[in-house]
Each structure stands twice: as structure tokens, then as C-alpha cells.
Amino acid sequence: MTDDAGNLSIDFLAGFTIFMVALIYVATLIPGLFIGLQSRTIDYDAVAYRTGVILAEDPGQPSNPSWEAPYTDPSTILRFGLALSKDTPNILSTAKINSFFCSTEFVYPNDYQSRAVFGDYPYQFNISLQIAGDNYTRSVGDILPEGYGYSRRVVKIKETSNATIGLAQIQQYYWSNETNLTYAPETHIFSIYLNCTNLAENGPDYNNPAYQINPIDPLGEGVVINLTDLDQTTCESTASQKFHPPSGCNGGSQPTINLSSISIYQSRPLPEGTGRAWSQIIPSTNHATYEVYIDGGTTPYNSTESTEFPVNVTNNVSLFIFPASLNSWSFGDPNSDLNITMQFELSHGDWFLNSTKNQPDGAFEYNYDPANVSQPYLRDGVMEVAVW
Amino acid sequence: MVKDDGQLYTIEGVAAGMIMLFTAYLVLGATSVYTPGDTHISDMQIEQTGTDALRMMNTQVNGTSGTSPLHDIIYNNGASGFNGPEFNTLFLNYVNNRTGSETDDLHYSASVTYYDINNRTTESLPLTSNRNLTGGEHPVRVTEWVIVNKQFPGTNLVENRSVLVEVLLWRD
């Protein structure tokens, strides 16, 4: 007779073994198991918040010259930031926005992960910006999934200044007459003068960067100059009769107007206060530093390297000088003065457009006088950051 | 005769146990539970939006205006109350705007607090609201200091004073 006392049942052995294996396995997985018991979005929300703060409150790195400047080497960009300066949180720079959302300038996702989102984990994200008055939304990133971390920032966007010089200003300041001339000339010069020291140091609201017109880095802003009503300033045009010298007209037909050149002059103070010396800067005529639009055209006249002046003008000329261009022309020197000169040639002598009567330096001064220049202003916007 | 010693009778039980373990693992791994501690995230997001909105309202639009829209709202409203629509329109526009076509749906109740130097007390005046607080909401509080040259109830002088704009903000 077989005595089964002291034997272990094979059922018990099998069950106990499976139980122990399962217990050990579950015990090792406990940390992973309980990840699901907290919100999945905690980490994503934190990353979205951090990215939103970086973009809305930080000017980025490098900051002077700024990371979006065309002469900044992209490999040296450490951090994107859209704020104008560290002193103006939530007020964003238009130039930085345009650069940040430019798909040809930076590549999604790598450039953005390492400079805006950060972290070892390769987060996916979508960053969007809606500016009041625009009928489109700027965005970079992937399509949003079901669940994601989220941050929203209410911001303002600085719109840079511009000047429109039309018949009213030309009549008011007698810009159709040239100084000390008794005859109507064929060549006319109109200059725009920028005193960089004044612009950088005497802005409104205690020189708040949000309202400055500052062509020098780190803001390095551009300007827009519109010359309009050019067909009404000549002697033959009816509207201009009252401000032309009655004997000055050659009579006859309306002259053909040609914009023959755009020149940039820069000056710095000479040593020991002995005056200033002007030197000519020769910018490229292509559209890398500025664009010139003729008679309301939608493509810039200087769209190619081979662009040459003169160009025929009927009514208006618009000059868009890009951010950082003025800074380049002034060599980043805040004591610089700049003179942007447009020269016109008429088919026959006439009174037309000339700034030589004006002071300083015979030019229209681009300054903080709202009668001369439409000052910078802030537009509302909202920025959303989604991370998953 | 075949004996049943050493037979594994409970193969069904073993299989069922393993299935149960596997199921429990899947369920635990797939469930996301919204714990009370997570509410601070949505609170923080609302607080951030409200703080940004008040800051932008207290920023002048250009360098020549001299004062901000929030300053103008407090300055121009009557001394006994601020029931004009300007704050409501502007504030809701800021806090409800999103980048897409959908808008948010936040509600608020705002007040202005100032110091009454005669009675040496802090007084509050209701500013405006788009919904009354019933007690069941879970609002966050956002504030902005505004300097305004104005006489407030209980004060004698028209002088520059700092007043605190306080907004309770919530989502249904």
C-alpha cells in the first residue's frame, strides 16, 4: 500500500508556481500599472505651459543681434522666443513671428523641438497664432489628436511704423519746390532722414520698446514709406496749381516720371564733435533688404538680381525696408543717421517732388511726430500650444 | 486501470486565472482616472488666460494714447459703479478667443478694490459680471493693479491711486 503522507500534490505545485510567477511579474510592473491612474496629460500640460511661456515672454537666444535677423547664423540659435524684449512679456515682434512660422526657414519638427519645446522625449506639437484682423491662422506642427497638453496665451503684436506722403503733405511743406531754383528742373530728389539716436532714446511711454521706432538691434525694425499722388504734384496737374510758382511751369504736357535710383547714406559723428561725415551705402538692388512697389503693383519691382533703375512711375512708390536692413546700413551704430534718397528724372523740367527745403539735411524726417509718421501700434492676438 | 494520481485537475482554473490576470492588467493600463489633484491643471490654464487678458487690457494700444483701455474703463465709469458694457465686451473677447473657429465659454465676476484713507478701510465696488456666482462654481482669481486719477466713494481727493481689479473666472 502506498502511503501518500508528506507528498506534495502536483496541483498545488502548478498553482503555486503560476501564482508566484504572476505575483513577481505584477510586482515589477506596479510602477507602470499606476501611470494610468494619474492624468496622462500632466506632463504634456507642463510642456505646453513651458513652451507657451518661452514663446510669449522671452525674446529668444541670441537676443542681440536677435535670432531672427538675416545675418544671424541659424546654427547659433539656442532658443526661439517671440517677445519683443524681456521687459515686454506678451508683446510679440512681427519679424520674429514671420520668421518662426516660416516653413522654408526652419524645419518641423527638429528645429522646433530643440529650440522651443525642449525635453528628451520627442514630443509632437502644434503651435498656432491668430492675429486680430487677419483672416488666416499661422501655425506649425501636426494635426491635433484626441488628447493633448494645452496652453493658451493672450498676446499683442507690435505693428511697425509707416509714413504716407501724399498731396496734403507735399502742399503743406512745399515739397514740390526746390530751394533757390528759378527754373523747373528735370532731376528731383526726395530723401527720408532717420536719426537713430533720437529714435532709440526718445520713444514714447518712457521709451517703451513696444512703441519705439528703433532700426538698431536688438529691435532692428524696418520701415514703410509710401509716396502717393505723384501724378498731381507736377505743374500741369490741376490739384497742384495753388502751390506751384505761377511762372515756373514749362507749360504743355504732363512729364513722364522715372524713378532713377534709390541710395542709402549713413553718417556718424566725427571725433571730438567736429561734425558728421556722410558715406554712401550701396545695397543690393534685389529684394533681400528692401522691396519697391510701383503704382500699386503686387510684386516688387526689384524682385530679381538683374533689376535696374530707372522705372516709370505714374502715381505712387512704396518702399518696404525690411527689419535688420537699417541696422546693417548703420553698422549697428546707435549714433548713426541714415538718409534714404530717391531720385526722379522727368522728361522735361517741371516742379515735382523735392525735399531739399526741409531740415535736417534736406529730408523728410522719419520720427515720433504722428503728423509725419503713423506710429507703431499693438494688435490683439491669441497663441495656442498643444503638445502630445 | 488508469489511476488519477498526479493528474492536473484544474487546468480550467489555471487558464481562467491567467485570463483574469491579463484582463486586469489591460484594464488598469488603459484606464485614465481624473483624480482631484488634476483639477489644478485646468485651474492654472484659466488663471493664465485671465491674467494675460487683464495685462493686455492694461496695455495702451499705441504710444500716443497715454492710457490703457482698462484704465479708461475705470476712469470713465461713474463713481458709484462700473456697469458699462466696455469691460464685459473687452474681457470676454480676450478670454474666449481661440485660434480656431471655436470660442471658449468662460464666465466671470469682476470688482474693483481701493483703499479708503478716511476710514482706513479697504472698500470694494462691483465692476461687472456676465453671470452671478451661485456657490457651486469653482472659480479662480486673477488680479491687475491699475493707477487711476479719480475720486472714489468715501475719499475726498482726486489723486493718483492704485486700485486692484479683481476677477473671479470659471468655466461651467
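The values are calculated or read from the model by the stated rules, or taken from the named source; none is laboratory data. All figures in this text were calculated on a predicted structure; none of them were measured in a lab. Here Cβ is always computed from backbone atoms with ideal geometry, including for glycine, and neighbour counts include all displayed protein chains. Note: accessible area is taken over every heavy atom of the protein model, side chains too, but ligands, DNA and RNA are not part of it. Shrake-Rupley method; radii C 1.70, N 1.55, O 1.52, S 1.80 Å.
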Unit-weight point scatterers at every alpha-carbon of the protein assembly as shown, Debye formula, q = 0.09, 0.10, 0.12 1/Å: log10 I(q)/I(0) is -0.86, -0.98, -1.19
Residue farthest toward the positive end of the dipole of the protein assembly as shown, with Cβ of Lys/Arg at +1 and Asp/Glu at -1: which of A:Gly147, A:Pro271, A:Ser75? A:Pro271
Cβ-based charge dipole, chain B, positive-most Cα from B:Ile19, B:Ile147, B:Ile117: B:Ile117
Which FRET efficiency value, to the nearest 0.05, is calculated for B:Ile147 and A:Asp87 with the Förster distance at 25 angstrom and r the Cβ-Cβ distance? 0.85
Using Cα centres only, tell me the gap between the range B:125-172 and the range A:89-104 in whole Å. 34
Distance in nm between label sites at A:Arg379 and A:Ser303, each 7 Å beyond Cα in the beta-carbon direction? 2.3
Figure the gain on full extension for B:Asn132 and B:Glu86 (residue separation times 0.36 nm, minus the Cα-Cα span) and round it to one decimal in nm. 14.7 nm
Solvent-accessible area buried by B and A, counting both chains, probe 1.4 angstrom, square angstrom: 3400
Threshold 30 Å², probe 1.4 Å: give the residues of the range A:149-173, in number order, that are less accessible with all protein chains present than with their chain alone. A:Tyr150, A:Arg152, A:Arg153, A:Val154, A:Lys156
By average Cβ neighbour count within 10 Å, what is the ranking of A:137-143, A:315-321, B:58-64 from highest down? A:315-321, B:58-64, A:137-143
In whole Hz, the Karplus estimates of ³J(HN,Hα) for the range B:49-56 (6.51, -1.76, 1.60; θ = phi - 60°; x where Gly or Pro) are 4, x, 5, 4, 4, 5, 5, 6
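How charged is the neighbourhood of A:Cys102? Take every other residue with its Cβ under 12 Å from the Cβ of A:Cys102, and add Lys/Arg as +1 and Asp/Glu as -1.
Working: positive: A:Lys96, A:Arg138; negative: A:Glu68, A:Glu105, A:Asp111.
Result for the neighbourhood of A:Cys102: -1.
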Once label points are set 7 Å from the Cα along Cα→Cβ at both A:Gln113 and A:Asn135, what is their separation, rounded to one decimal in nm? 3.7
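Give, in whole angstrom and from largest to smallest, the semi-axes √(5λ) of the equivalent ellipsoid of chain B, with λ running over the eigenvalues of the Cα gyration tensor.
On the way: eigenvalues 750, 63, 30 Å².
They are 61, 18, 12 Å, listed from largest to smallest.
Given the rule -39500 (n - 2.57) for each run of at least 4 DSSP H residues, summed and divided by the residues of chain B, what is its mean residue ellipticity at 222 nm, to the nearest 500 deg cm²/dmol? Kindly include the intermediate steps, with their values, before the conclusion.
Working: 4 runs with 59 residues, N = 172.
Taken over chain B, the calculation gives -11000 deg cm²/dmol.
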Could you list which residues have their amide H under 5 Å from that of A:Val155, counting only those 5 or more apart in sequence or on another chain, with H placed in the peptide plane? A:Gly381, A:Val382, A:Met383
Note the full-extension length gain between A:Asn312 and A:Arg268 as 0.36 nm times their separation in residues minus their Cα-Cα distance, in nm to one decimal. 12.4 nm
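Tell me, what % of the accessible area of chain B is carbon and sulfur with a 1.4 angstrom probe?
Details: 5440 of 9790 Å².
With neighbouring chains kept in place, the figure for chain B is 56 percent.
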Length gain on complete extension for the stretch B:Ala24 to B:Glu47, per 0.36 nm per residue less the alpha carbon to alpha carbon distance? 4.4 nm
